[in-house]
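The values are calculated or read from the model by the stated rules, or taken from the named source; none is laboratory data. In this text, all values refer to a predicted model and were calculated from it rather than measured experimentally. Heads up, the Cβs are rebuilt from the backbone with ideal geometry, glycines too, and the neighbour counts pull from every protein chain shown.
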Amino acid sequence: MQTPGTPWKSWQKVSFRFFFIFFGITSTLCWVMTTYFAYAAVAKADIEDQYKLYKPFSGFFHWLDKHIYHTGYDPKLHVSLPVDNHYGVVYYITIFFGAIIAAISWGIIDKKRINYDKLSYWFNVYLRYTLAVVILGYGIDKVIPVQMSYPRTMDMIRLFGNQSKEDLLWKFMGSSPGYMIFTGSCEIIAAILLFSRRTAVFGYLFTLCVLTNVLALNWFYNISVKFFSSLLWLYALYLLAPWLAKVFQFFFSDTPVTTHQGHYTFEKKWKRNLLFSILVLVPVLILTLVSFGDAKTYRKETASARKEKKYNVTAFVTKDTLAADSFRWKRVLFVYDNFIVILNMKDKEDWYQYDIDSLKKHLVLRSDNKSSTDTLQYNYPAAEQLRLSGKWKGKNISVLLKLSPVDSMYLKKEKIKIMQD
């Protein structure tokens, strides 16, 4: 750390100008996403609401990509949201080069300035605060285990080799809520440390450790927020950078160090009170809204999961005695409140939305495109048995089903053991 008022070296001024512009612009995505998830916690929201904010830039980005970048971005085909997609690549490249040009121009205009102590201080406060708010939200999503929910019926029966790395990571985390709560607690602790100036340096270190693990998981399991998590990691590294020499001295030498730093404040009391109110109320509001929304989601998902049923086919009868394995049923699942999944002998999935007419004993199946419907008669011949009969895909069928335990992996029943025989 430099003493306030000390002239900065040229490379320090140049790098600060670039990072001020690049991080300043990209950090708006943090607030857009935080606002969206906080709003979605209490009201109906669609992810497409975020597209509207970035859609106006799609034409300009398309022109840049067509004439300069050549990544293949097409606004008619690709989502207008800066995540791990074509739009995200063009978005970050454009801001990167734009920040370089703007930093050079800023340097020419402001070449007589000896340092940016005050601006750097307030920018670091903003960036630290932004990082804390985002991490706090992610931490809450794990402490109330909804980010990676407990494996549902479909997760239990899918073949290991047919799943993506992202699916595997989600099930790995979701199958142990205790571990997910632990990781979420670490993120919340990191956020709390960042909120205070006195614990900020330790907060940078702790946050960097947490985000390094998150970053590794996102990249090596191909999670679709690689760019965003990398950005948060860079924020933490940037905030820690001025303290790296002292951190090294603390851990690897006998030289005493201090993390005390000078700070700026407003002269007028009302400005100080306003700043304090914002710094306190915003995270409290986000904590309240996200916690409320996550609790509501957790209750809803838990109730929905309890209603899910898995049936194994014990008899399948059709007039076509040569019906292929691609037509014959192997298993039937009732999942996600109003979906039914029919798996054939090759484990191919047919998804339908369904309605039940309890008076006529009809099960009405609607395909995803709703272009056609099938109506099956249902009854219960015996305990834990279900019979379906009627016309399906143009052929008359009769199917006898046997109820089977959903949690066949016994994930909820397995306890931690110290000694195993």
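Can you tell me which residue is nearest to the chain's Cα centre (by Cα) among those in segment 83-100 that are among the small types (Gly, Ala, Ser) and surrounded by 16 or more Cβ atoms within 10 Å (Cβ to Cβ)? Reasoning before the result, please.
First pass over segment 83-100, keeping only residues among the small types (Gly, Ala, Ser): 88, 98-99.
Retained after the next criterion (residues that are surrounded by 16 or more Cβ atoms within 10 Å (Cβ to Cβ)): 88, 99.
Numbers: Gly88: 16, Ala99: 27 Å.
Ranking the qualifying residues of segment 83-100, first place goes to Gly88.
Find all pairs meeting these conditions: Cβ atoms under 9 angstrom apart; at least six residues apart or on different chains; first residue within segment 163-174 and more than 15 Å from Lys226 (Cα to Cα) and touching a residue at least 24 places away in the same chain (Cβ under 8 Å); second residue of a type in the set (Val, Ile, Thr) and buried (at least 18 other Cβ atoms within 10 Å of the Cβ).
Filtered contacts from segment 163-174: Met173/Thr183.
When you go through Leu239, Leu232 one by one, which is the residue that is modelled with pLDDT of 95 or more and within 30 Å of Gln163 (Cα to Cα)? If you could, list the steps in order and put the result at the bottom.
Details: Leu239 fails: within 30 Å of Gln163 (Cα to Cα).
Of the residues listed, the single one that is modelled with pLDDT of 95 or more and within 30 Å of Gln163 (Cα to Cα) is Leu232.
Scan Thr212, Thr199 and give me the residue that is of a type in the set (S, T, N, Q), at pLDDT 95 or above and either within 25 Å of Pro242 (Cβ to Cβ) or surrounded by fewer than 20 Cβ atoms within 10 Å (Cβ to Cβ) (or both).
On the way: Thr199 fails: at pLDDT 95 or above.
Just one listed residue meets the conditions, Thr212.
Being farther than 23 Å from Ser149 by Cα and of a type in the set (A, V, I, L, M) is the filter; apply it to segment 321-341 and report the residue that is surrounded by the fewest Cβ atoms within 10 Å (Cβ to Cβ).
Pass one, segment 321-341, residues farther than 23 Å from Ser149 by Cα: 321-331.
Those still in the list that are of a type in the set (A, V, I, L, M) too: 322-324.
On the way: Leu322: 6, Ala323: 16, Ala324: 10.
The qualifying residue surrounded by the fewest Cβ atoms within 10 Å (Cβ to Cβ) is Leu322.
State yes or no: is Pro145 in a loop (DSSP other than H, G, I, E, B), at pLDDT below 90 and in contact with a helix residue (DSSP H, G or I) (Cβ under 7 Å, 6 or more places away or on another chain)? Show your work before the answer.
On the way: in a loop (DSSP other than H, G, I, E, B): yes; at pLDDT below 90: no; in contact with a helix residue (DSSP H, G or I) (Cβ under 7 Å, 6 or more places away or on another chain): yes.
For Pro145, the condition - in a loop (DSSP other than H, G, I, E, B), at pLDDT below 90 and in contact with a helix residue (DSSP H, G or I) (Cβ under 7 Å, 6 or more places away or on another chain) - is not met.
One residue is enough: does segment 62-74 have a residue meeting the conditions β-branched (Val, Ile, Thr), free of Cβ contacts under 8 Å to residues at least 24 places away in the same chain, surrounded by 13 or more Cβ atoms within 10 Å (Cβ to Cβ) and part of a loop (DSSP other than H, G, I, E, B)?
Of all residues in segment 62-74, those β-branched (Val, Ile, Thr) come to 68, 71.
Right, trim to free of Cβ contacts under 8 Å to residues at least 24 places away in the same chain and you get 68, 71.
Narrowing further to those that are surrounded by 13 or more Cβ atoms within 10 Å (Cβ to Cβ): 71.
From the residues that got through so far, the ones that are part of a loop (DSSP other than H, G, I, E, B) too are 71.
Yes, that holds for at least one residue.
Condition test on Asn222, is it buried (at least 20 other Cβ atoms within 10 Å of the Cβ) and closer than 27 Å to Tyr87 by Cβ? I'd like the intermediate steps shown before the answer.
Numbers: buried (at least 20 other Cβ atoms within 10 Å of the Cβ): no; closer than 27 Å to Tyr87 by Cβ: yes.
Taking the combined requirement at face value, the residue does not satisfy it.
Just checking, how many residues over segment 19-32 are in contact with a Phe, Trp or Tyr (Cβ under 9 Å, 6 or more places away or on another chain), modelled with pLDDT of 95 or more and not small (Gly, Ala, Ser)?
6
If you go through segment 28-37 one residue at a time, do you hit one that is part of a helix (DSSP H, G or I), more than 20 Å from the chain's Cα centre (by Cα) and hydrophobic (A, V, I, L, M, F, W, C)?
no
Enumerate the pairs (first residue in segment 395-414 and under 15 Å from Pro177 (Cα atoms); second residue anywhere and surrounded by 15 or more Cβ atoms within 10 Å (Cβ to Cβ) and modelled with pLDDT under 95) with beta-carbon separation below 6 Å, excluding pairs fewer than 6 apart on the same chain, so at least 6 apart or on different chains.
Matching pairs, first to second residue: Leu411/Ser175.
For the subset of segment 292-320 comprising residues that are touching a strand residue (DSSP E or B) at 6+ places or on another chain (Cβ under 9 Å) and acidic (Asp, Glu), which member is surrounded by the most Cβ atoms within 10 Å (Cβ to Cβ)?
Going through the qualifying residues, I end up with Glu308.
Do we have any residue at all in segment 96-113 that's basic (Lys, Arg), in a helix (DSSP H, G or I) and farther than 18 Å from Ser27 by Cβ?
Start the filter on segment 96-113 by keeping residues that are basic (Lys, Arg), which leaves 111-113.
With in a helix (DSSP H, G or I) added as a condition, the list becomes none.
No - not one qualifying residue is present in segment 96-113.
Kindly establish whether Ser277 is free of Cβ contacts under 8 Å to residues at least 40 places away in the same chain, of a type in the set (S, T, N, Q), loosely packed, with under 11 Cβ neighbours inside 10 Å and part of a helix (DSSP H, G or I). I'd like the intermediate steps shown before the answer.
On the way: free of Cβ contacts under 8 Å to residues at least 40 places away in the same chain: yes; of a type in the set (S, T, N, Q): yes; loosely packed, with under 11 Cβ neighbours inside 10 Å: yes; part of a helix (DSSP H, G or I): yes.
Criteria met by Ser277.
Taking the criterion of being surrounded by fewer than 17 Cβ atoms within 10 Å (Cβ to Cβ) and closer than 30 Å to Phe37 by Cβ, would at least one residue in segment 353-367 satisfy it?
Checked segment 353-367: at least one residue is surrounded by fewer than 17 Cβ atoms within 10 Å (Cβ to Cβ) and closer than 30 Å to Phe37 by Cβ.
What about Ser326, is it closer than 23 Å to Lys391 by Cβ, without any contact (Cβ under 8 Å) to a residue 24 or more places away in the chain and hydroxyl-bearing (Ser, Thr, Tyr)? Quick ask: steps written out before the conclusion?
Values: closer than 23 Å to Lys391 by Cβ: yes; without any contact (Cβ under 8 Å) to a residue 24 or more places away in the chain: yes; hydroxyl-bearing (Ser, Thr, Tyr): yes.
For Ser326, the condition - closer than 23 Å to Lys391 by Cβ, without any contact (Cβ under 8 Å) to a residue 24 or more places away in the chain and hydroxyl-bearing (Ser, Thr, Tyr) - is met.
So which of Val341, Val332, Val364, Val317 is β-branched (Val, Ile, Thr) and more than 37 Å from the chain's Cα centre (by Cα)? Spell out how you get there, then give the answer.
On the way: Val341 fails: more than 37 Å from the chain's Cα centre (by Cα); Val332 fails: more than 37 Å from the chain's Cα centre (by Cα); Val364 fails: more than 37 Å from the chain's Cα centre (by Cα).
Among Val341, Val332, Val364, Val317, only Val317 is β-branched (Val, Ile, Thr) and more than 37 Å from the chain's Cα centre (by Cα).
Out of all the residues in segment 253-269, is one or more part of a helix (DSSP H, G or I) and farther than 30 Å from Pro151 by Cα? It would help to see each step written out before you state the result.
Applying the first criterion (part of a helix (DSSP H, G or I)) to segment 253-269 yields 269.
In the following step, the residues that additionally are farther than 30 Å from Pro151 by Cα were identified as 269.
Within segment 253-269 (the criterion being part of a helix (DSSP H, G or I) and farther than 30 Å from Pro151 by Cα), the answer is yes, since at least one residue qualifies.
Looking at this structure, is Phe228 among the aromatic types (Phe, Trp, Tyr), in a helix (DSSP H, G or I) and surrounded by fewer than 16 Cβ atoms within 10 Å (Cβ to Cβ)? Show your work before the answer.
Working: among the aromatic types (Phe, Trp, Tyr): yes; in a helix (DSSP H, G or I): yes; surrounded by fewer than 16 Cβ atoms within 10 Å (Cβ to Cβ): no.
No: the conditions fail for Phe228.
Please state which of the following conditions Tyr264 fails to meet, knowing it meets all the rest: (1) of a type outside the set (Val, Ile, Thr); (2) in contact with a Phe, Trp or Tyr (Cβ under 7 Å, 6 or more places away or on another chain); (3) surrounded by 16 or more Cβ atoms within 10 Å (Cβ to Cβ).
So Tyr264 meets the others, but not (3).
Tell me, which residue of segment 101-142 that is of a type in the set (Phe, Trp, Tyr) and over 35 Å from the mean Cα position of the chain (by Cα) is nearest to Glu187 (Cα to Cα)? Lay out the reasoning, then the answer.
As a first pass, look at segment 101-142 and keep what is of a type in the set (Phe, Trp, Tyr): 106, 116, 121-123, 126, 129, 138.
Filter once more, so that each one left must be over 35 Å from the mean Cα position of the chain (by Cα): 106, 116.
Numbers: Trp106: 36, Tyr116: 31 Å.
For segment 101-142, the residue satisfying everything is Tyr116.
Just to verify a result, which residue in segment 280-309, among those that are part of a helix (DSSP H, G or I) and basic (Lys, Arg), is farthest from Tyr121 (Cα to Cα)?
Selected residue: Lys307.
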